[in-house]
Amino acid sequence: MRRIHDLHAVFTSEELDRLHQRMAESGVRNRSSFIRKMALDGYIVKLDMDEISEMIRLLRISSNNLNQIAKKINATGSVYGAEIAEMQVKQDDIWELTKEILAKLSMIQ
């Protein structure tokens, strides 16, 4: 939808500084978008993707290890207990990180 209405607002220097600070905190660079989002929804959510990226990295490692174990089982018919234990530790790490991320996401309302 095309925006055709112009709205004018006047800010004090302190209010404008606060606006710029909140824009920087949220990662939004477009002032109009920021003001529109805040006026209509009252909040902007900025997700820290570092933990999600770490979880994805751990999932990739875990998937690769699981594939290697499956190939070894198919080729030799056996697998070492240490390999299974290592996979269990990595899976536990992934689950802990997942729980932390979900707990943080549940606090966003």
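Out of the residues in region 39-54 that are outside any helix (DSSP H, G or I) and β-branched (Val, Ile, Thr), state the one that is farthest from Lys104 (Cα to Cα). Within region 39-54, the match that is farthest from Lys104 (Cα to Cα) is Ile44. Restricting region 49-78 to residues that are free of Cβ contacts under 8 Å to residues at least 40 places away in the same chain and closer than 30 Å to Arg22 by Cβ, the residue that is surrounded by the most Cβ atoms within 10 Å (Cβ to Cβ) is Ile56. Taking the listed residues Arg36, Arg18, Arg57, Arg22, the one that is basic (Lys, Arg), assigned to a helix (DSSP H, G or I), within 26 Å of the chain's Cα centre (by Cα) and under 30 Å from Glu96 (Cβ atoms) is Arg57, with no other qualifying.
Scanning region 1-38 for residues that are within 24 Å of Met107 (Cβ to Cβ) and of a type in the set (Gly, Ala, Ser) yields Ala24, Ser26, Gly27. In the condition set (1) within 15 Å of the chain's Cα centre (by Cα); (2) under 30 Å from Ile4 (Cα atoms); (3) exposed (fewer than 11 other Cβ atoms within 10 Å of the Cβ), Gly42 is compliant with all but (1). Does Gly81 satisfy the criteria of being free of Cβ contacts under 8 Å to residues at least 60 places away in the same chain and in contact with a Lys or Arg (Cβ under 6 Å, 6 or more places away or on another chain)? For Gly81, the condition - free of Cβ contacts under 8 Å to residues at least 60 places away in the same chain and in contact with a Lys or Arg (Cβ under 6 Å, 6 or more places away or on another chain) - is not met.
We did not get these values from a lab; they are worked out from the coordinates using the rules stated. None of these values were measured; they are calculated from a predicted model. Cβ: placed from backbone, ideal geometry, glycine included. Neighbour counts: every protein chain shown.
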